[in-house]
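What follows is a short report on a single structure.
The values are calculated or read from the model by the stated rules, or taken from the named source; none is laboratory data. All figures in this text were calculated on a predicted structure; none of them were measured in a lab. Reconstructed Cβ throughout: ideal geometry from the backbone, glycine too, with neighbour counts over all protein chains shown.
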């Protein structure tokens, strides 16, 4: 079973770290590390021949020499924020970019293993059609899918929609749930296996800003931690106005309307929480293509998408590695969530990406990896950061050591 042990301190703390209490996210009923899930299903779904890879990879028995992946995920509770926004503004278009969220939550993860060529997606939409306008919402999602197909094609990725399932579930679902899965196959030689080595360098790409393909500025929130973000920021009176959007014992506690602006945020609070998850598969495809052009794909040892588990997600990559990372200042949305919730920063880092959407790990022979990172950053208009390096963990378990302006934190798998 995967267990995350969290220790925290400050730069003035020497030697001794104290165990942290449960995070606010966990108190809301969310397991950011999926420890229970991993423990329950590990025996049924072992990681097989590629235990260090970011996703579960298996040989493709139908195509000798190929490996395959099948990955399910969704937009989580972020769609509840879309429902709230719609109810307050009657802007039905907010559901369009939910397809961006649940598509990226799948395509980004498989791209982290090198699957950036031919992707097949199916979706499952469960909706309470007594409460929400089902036909109008599905129409917006169809527009979103159409936009994504064209976007991926523009960047050389074949994304094929193989249908899905839509169910009216008023007894089971309060509002709406959107999920999808992606599958793909490719030659084993192209697999990013997650075999991280001591001496590898760690780079990060920002989840915030405006990528070349994005129409508006992105807050960087992606699609994790939204339960905590929503309930910490959204106006407390929404609890009474929309009781079906939250549990009685975990109400909205914030002070902001969905249309309210905050200095420095660059958008309304509602827009910040709805910023779609960046299509990391596009950036990863560009990175892989550039390294292949330089005959240096072997320098790329691992890619981590900082979704569930936030900045500790990388604990699931590689074996016996200590990841030493120094973080840049987080984007405004994460500072706002922390200030309004009062959550400790070590828990913020296990709940949110805190501005680092993906991490790239590899060997920097002849500065090829560094140069490639900078080139892709410039081409995509996505900021990149040198975060740190990898060493062998003394404990033999994966570790993350984070240095930030808010203190030093240690996380162990």
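Residues checked against (1) surrounded by 20 or more Cβ atoms within 10 Å (Cβ to Cβ); (2) over 19 Å from the mean Cα position of the chain (by Cα); (3) modelled with pLDDT of 95 or more; (4) within 20 Å of residue 113 (Cβ to Cβ):
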residue	(1), (2), (3), (4)
135	no, yes, yes, no
177	yes, no, yes, no
184	yes, yes, yes, yes
198	no, yes, yes, no
214	no, no, yes, no
219	yes, no, yes, no
Residue 342 being within 23 Å of residue 222 (Cβ to Cβ) and crowded, with 22+ Cβ neighbours inside 10 Å: no
Sort through 205, 145 and tell me the only one that's under 23 Å from residue 116 (Cα atoms) and in contact with a helix residue (DSSP H, G or I) (Cβ under 6 Å, 6 or more places away or on another chain). 145
Among (1) on the phi < 0 side of the Ramachandran plot; (2) surrounded by fewer than 18 Cβ atoms within 10 Å (Cβ to Cβ), where does residue 295 come up short? (1)
Going residue by residue through segment 262-269, is there one that turns out to be closer than 14 Å to residue 221 by Cβ, more than 19 Å from the chain's Cα centre (by Cα), assigned to a helix (DSSP H, G or I) and at pLDDT 95 or above? yes
